[in-house]
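S.K.: My questions all concern the structure below.
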Number of protein chains: 2
Amino acid sequence: MSDDKVRRASVGLGRWARVLGRGAQRSDKVELYSCFSRDPEKRAKFAEEFGVPHQASSYENLLADEAVEGVVVTTPNDTHKDVIIQALRAGKAVYTDKPIAHTMEDAGEIARAAAAAGVPFAVGHSARRLGGHRAMKQWIDDGRLGRVSLAEANFSNERGLELTTDTWRFFADKSPGGALIQLGVHHADNLQYLLGPVAAVSSHARKLYTKAEVPDAIMSILEFESGPLGYLGTGWASPGVYQLRLQGTEANLFYDLDFNNWDESHLADSKSTLVSQAYRQSVRPPVEIPHTDMFREQLDEFALAIRGEAKIEVGALEAIRALAVVHAALESSARHGTAVEIAPMVDKAGAIT
Amino acid sequence: MSDDKVRRASVGLGRWARVLGRGAQRSDKVELYSCFSRDPEKRAKFAEEFGVPHQASSYENLLADEAVEGVVVTTPNDTHKDVIIQALRAGKAVYTDKPIAHTMEDAGEIARAAAAAGVPFAVGHSARRLGGHRAMKQWIDDGRLGRVSLAEANFSNERGLELTTDTWRFFADKSPGGALIQLGVHHADNLQYLLGPVAAVSSHARKLYTKAEVPDAIMSILEFESGPLGYLGTGWASPGVYQLRLQGTEANLFYDLDFNNWDESHLADSKSTLVSQAYRQSVRPPVEIPHTDMFREQLDEFALAIRGEAKIEVGALEAIRALAVVHAALESSARHGTAVEIAPMVDKAGAIT
């Protein structure tokens, strides 16, 4: 990569833009060049906090700026389609926060637009880059787990107890699935990263204690094409949990991350534990976790891809597979847990074409 | 209770009879008075190891001995019905290892015979007596968890990889459900002890790596009548796992037991960890686990009940509710995860009449 940094623009300047902004500040490959939000005050505040030299007065103006090489989208889920496609059509590479969109239809349109534009398109399923998940993948690839039979994951926090109508996350049409599309979708990607594509999902979703329109307790069983069974638990009505466990014929692995360090991704590994357990043993010695910085690395990859020096790890297809788990779960829940197949949903979204 | 110990007889003198024999040796309420196995050598060995004064030459002779007050049944699951009903009809109190039987039909017949006999009948779902589970129940009852939304449990070990045709556990007609009826049924009771009756079960069962006829990987979602969702994972193809987690609006609890200390139940609590996590906190301070001895306590309770000085905690109804989770799971798995209701199965077994 040449010395000049990739000039990126941020659109949607809420909490997550700031988390990614801090990730970009830790990078030597990316420059925060421009930004846009409908709210001029938010815009000015963001530009000041991150020393962004340009504030676009409209999204059209931001996209018209030829210096902008990539757009980082952190607008609400239900706006992704329009915001992303507009950028792609302007020839800009796009990085969007997960999920790729709130519906499979929107996700399919985005995937087709990205393919047509022929520019890098990345979706922020950063969690698979956590050191613990990278180590787990290595153990699987090295055969140290033997053959995996059960995989269990949980991502929960207390957000559902605090939601008000001021946020789009409150509403079922903007964020269908509640905790599942906001938190669980991370593990939908992690589990498929580790064990390959999910074939079908059986699920029950409940709105128990939240005032929002969306479920705050969702449990799903994932049938993997490769044979194992997966469990995905996600809640929005308890203290924070982030765990993933794998049970294999040779060993088990247990991963536990302190959720409160999620936003500061360069610290996340140091606030995690990964332990192993060998056949016939009960001791669980710690496994060394490689140091990662998921947000910085994902933004670096995006920058390098723009310059043709890297491949995007999580693009439209991977993101559609993660979103399909969410929508298959909601459909299954409406059908009393009956397994819903993933492949037709992925095919229909057109990602594989 | 008077000074003289309750005279119990053991039938079925395999590994589990010896585990319970050691539990009885720690008791001051029970005397190992007689024993029977079809195999005279096994009988003599058991009598010698535990200093049992009488060895019955037939089961009929054992039951004809008026000095015998209670029979402890540890024969294979599929023989429970005949062995138990014969003892009940002879007017003996019966303690049987879990599950109550291998089929709902047999369980129902046993329940009706126990009700007709009017003598104490206990089923060895001892796990709920573990200190960790007792503490969790106390937290729920005290309101310290707030309202529970998610409960996750896993009980797994490597047994399925080692099964041969020499053992009844190998065969689907003798032990339907494999790991689920042998291990998972414990958590089916624990979870209902903690959260009340299960309304319905969605499940997927797989025979992945075992040579036996039965599944070695089973995942189930339990819908509780009280609202929460439960997950029950159980495997027979990995190193041992025994865990139960509860997520509530005020706190989470995480329980982990070293499976290798299961048999020596007076040591189990000291090889367990229970930690809590409060709202908005990421630290997980340990919770003190009360000291228990599940096998001894269950046998003591049985002895006291024979003398009219205690109530049986786990009788036919509780055991049928646990077994119903197993059979509902197997039926659900055959129906692609569609939820199967528990109440009709429990009613049909006749336990509530």
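S.K.: From the square roots a ≥ b ≥ c of the eigenvalues of the alpha-carbon gyration tensor of the stretch A:36-85, which class results: rounded (a/c under 1.5), prolate (a/b over b/c), or oblate?
M.R.: In terms of gyration-tensor shape, oblate.
S.K.: Show log10 I(q)/I(0) for chain A at q = 0.07, 0.08, 0.15 Å⁻¹, two decimals, from a solvent-free Debye sum over equal Cα scatterers.
M.R.: Reported log10 I(q)/I(0), two decimals: -0.28, -0.37, -1.34.
S.K.: Any chance you could run the full-extension gain for B:K271 through B:E66? It's 0.36 nm times the residue separation minus the Cα-Cα distance, nm to one decimal.
M.R.: 69.7 nm
S.K.: Relative to 2.2 N^0.38 Å, what does the C-alpha radius of gyration of the stretch B:292-346 come to as a ratio? Two decimals please.
M.R.: Scaled against compact globular proteins, the figure is 1.60.
S.K.: A further question on this structure: Need one word for the stretch A:257-333: rounded, prolate or oblate. Basis is the Cα gyration tensor (sqrt eigenvalues a ≥ b ≥ c); a/c below 1.5 gives rounded, then a/b vs b/c decides.
M.R.: Oblate.
S.K.: Any idea what diffusion coefficient the stretch A:199-353 gets from Stokes-Einstein, in µm²/s, Kirkwood Rh on alpha carbon pairs, 25 °C, 0.890 mPa s?
M.R.: My calculation gives 134 µm²/s for D.
S.K.: Using DSSP, restrict attention to beta bridges with both residues in chain A and report what percent are antiparallel, rounded to the nearest 5.
M.R.: 60
S.K.: Can you tell me how the stretch B:64-216 classifies by the Cα gyration tensor, rounded, prolate or oblate, using a/c under 1.5 as the rounded cut?
M.R.: Oblate.
S.K.: Additional query: Starting from the exponent 0.38 and prefactor 2.2 Å, build the expected Rg for the protein assembly as shown from its residue count and divide its actual Cα Rg by it.
M.R.: 1.07
S.K.: In whole angstrom, how far apart do the alpha carbon centroids of the stretch B:4-38 and the stretch A:184-226 sit?
M.R.: If you average the Cα positions of each part, the centres end up 47 Å apart.
S.K.: Next question. Please give the charge dipole size of the stretch A:231-296, origin at the Cα centre, charges +1 on K and R Cβ atoms and -1 on D and E Cβ atoms. Round to the nearest 20 debye.
M.R.: Computed about the Cα centre, the dipole is about 280 debye.
S.K.: Sticking with this structure for a sec: What number, rounded to the nearest 500 deg cm²/dmol, is the helix-based mean residue ellipticity at 222 nm of chain B, given -39500 (n - 2.57) per DSSP H run of at least four residues and division by all its residues?
M.R.: Calculated at 222 nm, the ellipticity per residue is -10000 deg cm²/dmol.
S.K.: Among B:43-50, A:33-40, how do they line up from the highest to the lowest mean number of other beta-carbon atoms within 10 Å?
M.R.: Listed from highest to lowest mean packing, they are A:33-40, B:43-50.
S.K.: Cβ under 15 Å from A:A339's Cβ, A:A339 left aside: what net charge do those residues give with Lys, Arg +1 and Asp, Glu -1?
M.R.: -2
S.K.: Let me ask you something else. Any chance you could list the semi-axes, whole Å, largest first, of the equivalent ellipsoid that the Cα gyration tensor gives for the stretch B:155-261, using √(5λ)?
M.R.: Each semi-axis is √(5λ); the values are 27, 16, 10 Å.
S.K.: Counting pairwise Cα distances across the stretch A:87-156, what percent come out greater than 17 angstrom?
M.R.: Taking all Cα-Cα pairs of the stretch A:87-156, the fraction more than 17 Å apart is 60 percent.
S.K.: By per-residue mean of other Cβ atoms within 10 Å, what is the highest-first order of B:264-271, B:231-238?
M.R.: The most tightly packed comes first, giving B:231-238, B:264-271.
S.K.: Separate question: Helix A:294-306: angle to the longest alpha-carbon principal axis of chain A, degrees 0 to 90, nearest 10?
M.R.: 50
S.K.: Given just the C-alpha atoms of the stretch B:126-205, how large is their convex hull per residue in cubic angstrom?
M.R.: Convex hull of Cα atoms, per residue: 123 Å³.
S.K.: Also: Could you list the residues of the stretch A:174-207 with an amide nitrogen less than 12 Å from a label point located 7 Å from the Cα of A:R335 in the Cα-to-C-beta direction?
M.R.: A:200-203
S.K.: Still on this structure, please answer the following. By the scheme Lys and Arg +1, Asp and Glu -1, what is the net charge of all other residues having a beta-carbon under 11 Å from that of A:N260?
M.R.: That works out to -1.
S.K.: A further question on this structure: If the only charges are +1 at each Lys and Arg Cβ and -1 at each Asp and Glu Cβ, what is the size of the charge dipole of the stretch B:205-353 around the Cα centre, to the nearest 20 debye?
M.R.: It works out to roughly 540 debye.
S.K.: Need the C-alpha centroid separation for the stretch A:233-308 versus the stretch B:136-169, integer Å.
M.R.: Answer, in whole Å: 24.
S.K.: Hey, what did chain B get for relative contact order, percent, Cα under 8 Å, at least 6 apart?
M.R.: 20
S.K.: Ok, one more. Using the eigenvalues of the Cα gyration tensor, what equivalent ellipsoid semi-axes result for the stretch B:1-51 when each is taken as the square root of five times the eigenvalue, whole Å, largest first?
M.R.: Equivalent ellipsoid semi-axes, largest first: 21, 11, 8 Å.
S.K.: May I ask for the net charge around A:K174, where only other residues with Cβ less than 12 Å from the Cβ of A:K174 are counted and Lys, Arg are +1 while Asp, Glu are -1?
M.R.: -3
S.K.: Relative to the present Cα-Cα distance, how much length would full extension add between B:D141 and B:D173 at 0.36 nm per residue of separation?
M.R.: Full extension from B:D141 to B:D173 adds 7.5 nm.
S.K.: Also, quick follow-up: Hey, what D do you get for the stretch A:10-112 in µm²/s if you plug the Kirkwood alpha-carbon radius into Stokes-Einstein at 37 °C and 0.692 mPa s?
M.R.: Diffusion coefficient, whole number: 239 µm²/s.
S.K.: While we're looking at this one, here's another question. Any idea what diffusion coefficient the stretch B:167-228 gets from Stokes-Einstein, in µm²/s, Kirkwood Rh on alpha carbon pairs, 10 °C, 1.306 mPa s?
M.R.: 127
S.K.: Return A:V30, A:V119 ranked ascending by Cβ neighbour count within 10 Å, so the fewest neighbours appear first.
M.R.: A:V119, A:V30
S.K.: Continuing with the same structure: What does the charge dipole of the protein assembly as shown about its Cα centre add up to, to the nearest 20 debye, if the Cβ of each Lys and Arg holds +1 and the Cβ of each Asp and Glu holds -1?
M.R.: Rounded to the nearest 20 debye, it is 20 debye.
Read-outs throughout are calculated quantities, based only on the coordinates presented, and are distinct from any laboratory measurement. What you see is a predicted model, and the numbers here were worked out from it, not measured in a lab. All Cβ positions, glycine included, derive from the backbone under ideal geometry; neighbour counts span all protein chains shown.
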